[in-house]
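Asker: Okay, handing you the structure first.
The numbers here are math on the coordinates, done by the rules we state, and not lab data. Remember, predicted model here, so these are calculated numbers, not experimental data. Because the Cβ atoms are built from the backbone with ideal geometry, glycine has one as well, and the counts that use them run over all protein chains shown.
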Amino acid sequence: MSVEGTALFESNLAALSARSKELADILVNVNPVLLEAGLARNGEATARAGSRWLHSSYDPSSEARRLADEAMATGADLVVVLGLGLGYAARAVLASGRQAVAIEVDPAWLSALFHMADLTDLLADARFALVLCPDGEGLASYLEFANPRSIAVIENKMMLGAYVESAARLREQLDRFMSKDAINQATLERFGRLWVRNIARNIGIVAGLPGVSSLAGIFTGLPALVVAAGPSLDDVLPVLPDMAERMVIVCVDTALRSVLRSGVRPDFIVVVDPQYWNARHLDRCDMSESVLVVEAAVWPSVLRFQTRRTVVCSSIYPLGRYIEKCLGQNKGSLGAGGSVATTAWDFARTLGCSPLYMAGLDLSFPGGKTHARASLFEQRSLGSGLRLRPASGDAFQAMRGGRPYLTPANDGAMVTSDKRLSLYAWWFSSRLATSPQAPTWNLSRHGLAIAGMPCASSKAVLDLPPLRSVIDARLDALGMSDSSVATHELEAILGQLVEDLDCVAALADEAIAVAEQSQVLDAASREASIRRLALIDEAVLASRARDVVGFLFASAAQAVGSPSRSFDESLRHTARLYRAVAESARWHADQILGRS
């Protein structure tokens, strides 16, 4: 490499080291691949390998702006740039006000880029991340950690073409995440207002509950059994009492009836689904000896059950997060992979338990069944079955409704799963890959094979030594202490939030008026309107209530529809977006004011 290239490399490496010393250390001892530096026709730097150009050979900056504009039109929170190149696309994304992450798969390729361009401005920008995914692995884990509400993708065709197999792995992980994103958006549209209503009604109780963080590590080194409600749970129930003598029992709400019928009272019951029918899983169930683990958005009746203790995790919803932050609390986050079983597994990990065993985690339909026999879903189906509409029809509809397909099971046979359940399996796989301290085994022989979660027999669990006396002693030592939150403190926080919401609604009203009036103004007058709209944008984005207001629509693109094709259409989209903002702000304020 030239002296100039060496100087660029050292400068970039120093900037990277300030953000990620681990990645910088990897690049120090790597020999870069051979890329040929060149100039595009407009004089900007580019490069090529053979006949393939890293960027446009005519105008790299314009190419990057076009790609960034297309990504921005989706309203994504995070733009994933597959291939950093010389930084053009990432800079264009940052210039548009969004966050960007650049993905590279080969340290040698990244080293070559560091020798060719000054990337220090990017590496120093907090809105930018550089992630190395060797051989294309690890992107799923990064996305789970970053947890963006939505993503867009920009591809560097030359880099991906040089690493075809790695590119395929990256695209597979992105497809899965974006499938989850689509499911989340559909769920938000269906249940978003329910979640907010529940939080508004629960907050007076939830604010005074201890967090799951108070239980962190209390069972370090002890095994745990996480009980889900899949069909294979019926195979475990006969020996569940013996298992309960040897391990901490963490039960999801849908499996509670089955567990109680086996004579076992679980140590922990996890309830995070806000829907009414999930609260019904607890009807007439004795939970007096169990610790209840909840999310702030659960159906309000859940918080009235008599339990040993109730603890709450940090809310995944903006209203809950806002209040927790203002109270200076840290309830403790739990993973939310879309299923209560994912949250229960992460809770068992939080307890410090190791190893972990999963019962009833099928993520498929072994034998054409959907749930364990004693679950409320199964009993409702059986109870409502008729001669011409038998209960088996409900199972068939459940199997057919999620794009079913055949996939390998733990016993080597093929089992029917669906796209939704496969996303849960992907979540487990990505978390297990980064959680070596919590090795996990699945007791479901006929369920979906999950990467990183080998199958174990019930006998392996029954060979563990009895630990029930130790478990009970630690539970007894928990006590019943709650957090202390003065009523006037909570009311002051909610009062300030309502004021902030009212302010956002007023700004939105003004933006609507400005956008509508601008459509009939001359060019000079429009300039003043555009400046005013820009100031309103800044004020709304700076509001403490911003995330609360934006919760009910997944993205700006969802609120306005297709990208604008003219200035007038852009103004109409602006007015449409701010109508959604105003409606959301006022609706949230009404829920808070009428929460009792």
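Asker: Considering the values [x] 15, 40, 33, 10, 2, 0; [y] 20, 57, 22, 1; [z] 18, 45, 33, 5, 0, which represents P(r) over Cα pairs in 20 Å bins from 0, in percent as calculated for the structure under consideration?
Answerer: Identified label for the calculated read-out: [z].
Asker: Here's something else I'd like to know. Provide Asp362, Asp235, Asp121, Asp463 in ascending order of the number of other Cβ atoms located within 10 Å of each residue's Cβ, fewest first.
Answerer: Starting with the residue having the fewest Cβ neighbours, the order is Asp463, Asp121, Asp235, Asp362.
Asker: Same structure, new question: Could you pull out the trypsin sites (Lys or Arg not before Pro) across region 271-307 that fall in loop regions by DSSP (anything but H, G, I, E, B) with no more than 16 other Cβ atoms inside 10 Å?
Answerer: Arg284
Asker: Find how much the distance from Asp472 to Glu583 grows on full extension, using 0.36 nm per residue of separation minus their present alpha carbon separation; answer in nm with one decimal.
Answerer: Value of the extension gain: 34.9 nm.
Asker: A further question follows. Work out which helices of the chain, taken as complete DSSP H runs, extend at least 30 Å along their axis over the Cα atoms and score a mean Kyte-Doolittle of 0.0 or more, then list them.
Answerer: Long hydrophobic helices here: 487-518.
Asker: Mean residue ellipticity at 222 nm from the helices of the chain, using -39,500 (n - 2.57) per DSSP H segment of n ≥ 4 over the full residue count, to the nearest 500 deg cm²/dmol?
Answerer: The helix contribution divided over the chain gives -15000 deg cm²/dmol.
Asker: Under 5 Å between amide H atoms, partner at least 5 residues away or on a different chain: which partners does Trp441 have, H built in plane at 1.01 Å?
Answerer: So Trp441 has HN proximity to Leu356, Tyr357, Met358.
Asker: Between Asn42 and Asp121, what is the FRET efficiency for a Förster distance of 25 Å, r being their Cβ-Cβ separation, to the nearest 0.05?
Answerer: 0.80
Asker: Taking amide hydrogens as modeled 1.01 Å from N in the peptide plane, which residues meet the under 5 Å criterion relative to Val312, leaving out close sequence neighbours?
Answerer: Sorted by chain and number, the residues that satisfy this are Gly211, Val212, Val294.
Asker: Between region 12-29 and region 52-122, how many Å separate their Cα centres?
Answerer: Rounded to whole Å, the Cα centres lie 19 Å apart.
Asker: Using a ≥ b ≥ c from the Cα gyration tensor of region 1-100 (square roots of the eigenvalues), is it rounded, prolate or oblate, where a/c under 1.5 gives rounded and otherwise the larger of a/b and b/c decides, a/b for prolate?
Answerer: oblate
Asker: For Val415, list long-range residues whose amide hydrogen, built 1.01 Å from N in the peptide plane, is under 5 Å from its own amide hydrogen.
Answerer: Thr407, Ala409
Asker: Lysines near Lys21 by alpha-carbon distance under 29 Å, same-chain residues fewer than 8 away left out - which ones?
Answerer: Cα-Cα hits under 29 Å: Lys157.
Asker: For a paramagnetic label modelled at 7 Å from the Cα of Asp242 toward its Cβ, which residues of region 432-447 fall within the zone defined by backbone nitrogen distances under 18 Å?
Answerer: Within reach of a label on Asp242, which here means backbone N under 18 Å from a point 7 Å along Cα→Cβ, region 432-447 contributes 443-445.
Asker: Expected output is a single nm value to one decimal: the length gained when fully extending between Ala506 and Ala460, i.e. 0.36 nm times separation in residues minus the C-alpha distance. What is it?
Answerer: So the chain would gain 10.2 nm between Ala506 and Ala460.
Asker: For the pair Arg531 and Leu593, how long in nm is the line joining their label points, each one 7 Å along Cα→Cβ?
Answerer: 3.6
Asker: Ok, one more. What length, rounded to one decimal in nm, is gained on full extension from Asp69 through to Glu137, with 0.36 nm per residue of separation minus their alpha-carbon distance?
Answerer: Extending this stretch completely gives an extra 21.7 nm.
Asker: Taking the beta-carbon count within 10 Å as an exposure proxy, list Met178, Met243, Met287 from fewest neighbours to most.
Answerer: Least to most surrounded, the residues fall as Met178, Met287, Met243.
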